[in-house]
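The structure appears below as structure tokens.
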Amino acid sequence: MERRLIETDQMAAELGKIEGWSVKGPAIWRRFEFDNFSDALEFVNRAGAIADAMDHHPDIKLGWGYAEFAVTTHDRGGVTDVDFSLAKKINEIA
């Protein structure tokens, strides 16, 4: 995938295509909630396998009953089409 930077005027339209994500700094962000730590950890591990397969790795915060993902393309300095692709794939396993 090309890693095309998403311009500010395109961001709302792209966010409208993926449930639950918002802009937070130079990334798109979402919090997922679970009934316990084990379920959150299992989800993070499944998302991590997807990220590895894409060679595109989010920042993840894991705690009791939640996992937060921040997805950005560091070498492009912002959000790209690859970030939205990863966010969509993470949503698909939620």
Study note, to complete from the structure: All conditions in (1) more than 21 Å from PHE37 (Cα to Cα); (2) free of Cβ contacts under 8 Å to residues at least 40 places away in the same chain; (3) in contact with a Lys or Arg (Cβ under 6 Å, 6 or more places away or on another chain) are true of ASP52 except (3)
Study note, to complete from the structure: Cβ pairs under 6 Å, 6+ apart or interchain, first in the stretch 77-94 and without any contact (Cβ under 8 Å) to a residue 60 or more places away in the chain and at negative phi, second of a type in the set (Phe, Trp, Tyr) and surrounded by fewer than 15 Cβ atoms within 10 Å (Cβ to Cβ), ordered by first then second residue, are none
Review point. Considering only strands (runs of 3 or more DSSP E) fully contained in the chain, which possess at least 1 residues that are at pLDDT 95 or above, loosely packed, with under 13 Cβ neighbours inside 10 Å and among the hydroxyl-bearing types (Ser, Thr, Tyr)?
Key: 22-24
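The values are calculated or read from the model by the stated rules, or taken from the named source; none is laboratory data. Given the structure is predicted, the values throughout are model-derived calculations rather than measurements. Using ideal geometry, Cβ is built from the backbone for each residue, glycine included, and neighbour counts are taken over all protein chains shown.
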